[in-house]
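Heads up, the thing below is written out as structure tokens.
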Amino acid sequence: MSDIAIIGAGPAGSCAAWQAMRENSDISVSVFEKRSSIGKSVHCSGLLALNGLMKLGITNEKSLHGIILN
């Protein structure tokens with residue numbers, strides 16, 4: 001049995017699962033996806049806000065500006 005169940009392994013579901021485990025490694029997280037593989041037929045814009053990435057601790061603002069501006 002899981003402490004947290006996430007429906008959908010798309011960008012939002014995957015980030016939610018990752019963040020939950022990062023915040024508390026003692027909990028159990030299950031992600032349920034209806035498709036047989038993750039990352040195919042993604043139905044999203046493909047855009048992420050700079051401040052959202054920074055809040056997740058994925059990168060810092062200085063390194064992202066080089067990617068965005070170049």
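The values are calculated or read from the model by the stated rules, or taken from the named source; none is laboratory data. Just so it is clear, the structure is predicted and the values come from calculations on it, not from any experiment. Note that each Cβ is placed from the backbone with ideal geometry, even for glycine, and that neighbours are counted across all protein chains shown.
In region 1-25, which residues are exposed (fewer than 12 other Cβ atoms within 10 Å of the Cβ), part of a loop (DSSP other than H, G, I, E, B) and at pLDDT below 90? Scanning region 1-25 gives MET1, SER2, ASN24, SER25. Per this entry, SER37 is not counted among residues that are modelled with pLDDT under 70 and small (Gly, Ala, Ser). Can you find, within region 1-16, the residue that is nearest to the chain's Cα centre (by Cα) among those that are farther than 16 Å from LYS55 by Cβ and of a type in the set (Gly, Ala, Ser)? It comes out as GLY13.
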